[in-house]
Amino acid sequence: MSLRRLFYPRVCVLCHLALVKSEKHLCVYCLKKLPKARLVDPTENAVFKVFRGRIPLGQAGAFLVFRSGGITRQLLHEIKYRDNRNLAVWMGEMYGEELLKSGIKPADCIIPVPLHRKKQKQRGYNQSEAFAQGLGAKMNIPVNTTALQRRTFTQTQTRKSRWDRWRNVEDVFFISNPEEIKGKSIMLVDDVVTTGATMEACARTLQLAGAQRIDIHSIAYAKD
């Protein structure tokens, strides 16, 4: 056992109990308590319905259900504000395995919702990109982090109304190289789907660039 492991043992990010060798990030008990979304039908589920009638969509889904004060909120806080990139990657791997088992149509590439460079510098990394890397590794799909770009720094979407969320991201995104998008099926990935304003803005930008199909997936979706 290394000295680091001796003095800084690996612990579960939720209950903080020491992990055994076979456990990763979460102990087996907390892992079993994860509020899985289990959105089996990729075209008839809660996430898909958020965007129905707003944008043409191929498939949609989420790994977890988000409820205020719940386990998912703790995990997202760990990922976004405690720089736990490895946890985000691992969750992407777990979700990727579920998607493979569900038999969804594969995408040509995965595109995470981009952060403005200023916000990414503040946080240290893009949590949606880390989740996408896990998905891509498990599903053998390349991750494209350059085609979709954010041109302006926007305020946080937290506590904004549906209308304000849309106005906050209107005309924020652009495509740096349309040839990377044209005719491709895209899996668009973000951390949480609430009103869907950010994902909708990204999807419209990809659609205008000639994407053949756009699928939407996230770490979690906020259930009413």
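What the table shows:
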| quantity | calculated |
| --- | --- |
| Residue pairs meeting the criteria (Cβ under 6 Å; at least 6 apart or on separate chains; first within 14 Å of D83 (Cβ to Cβ), in the stretch 117-137; second of a type in the set (D, E, K, R)) | G124/D83; Y125/R85; Q127/K80; Q127/D191; A130/R85 |
| Identity of the residue in the stretch 179-195, more than 19 Å from the chain's Cα centre (by Cα) and part of a loop (DSSP other than H, G, I, E, B), that ends up surrounded by the most Cβ atoms within 10 Å (Cβ to Cβ) | I181 |
| Conditions (1) outside the structural domain of G196 (by TED's automatic domain parsing); (2) in contact (Cβ under 8 Å) with a residue 24 or more places away in the chain: number failed by A107 | (1) |
| Any hit, the stretch 25-41, residues being at pLDDT below 90, out of contact with any helix residue (DSSP H, G or I) (no Cβ under 7 Å at 6 or more places or on another chain) and closer than 25 Å to E200 by Cβ | yes |
| Those residues of the stretch 145-167 which are at pLDDT 55 or above and under 23 Å from F48 (Cα atoms), in sequence order | L148 |
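Conditions tested, residue by residue: (1) buried (at least 17 other Cβ atoms within 10 Å of the Cβ); (2) modelled with pLDDT under 90.
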position	(1), (2)
T43	no, yes
V47	yes, no
L57	yes, no
F63	yes, no
R73	no, no
G92	yes, no
Y95	yes, no
V113	yes, no
H116	no, yes
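The values are calculated or read from the model by the stated rules, or taken from the named source; none is laboratory data. Bear in mind the structure is a predicted one, so any value in this text is a computation, not a measurement. Glycine also receives a Cβ, built like all others from the backbone with ideal geometry; neighbour counts cover every protein chain displayed.
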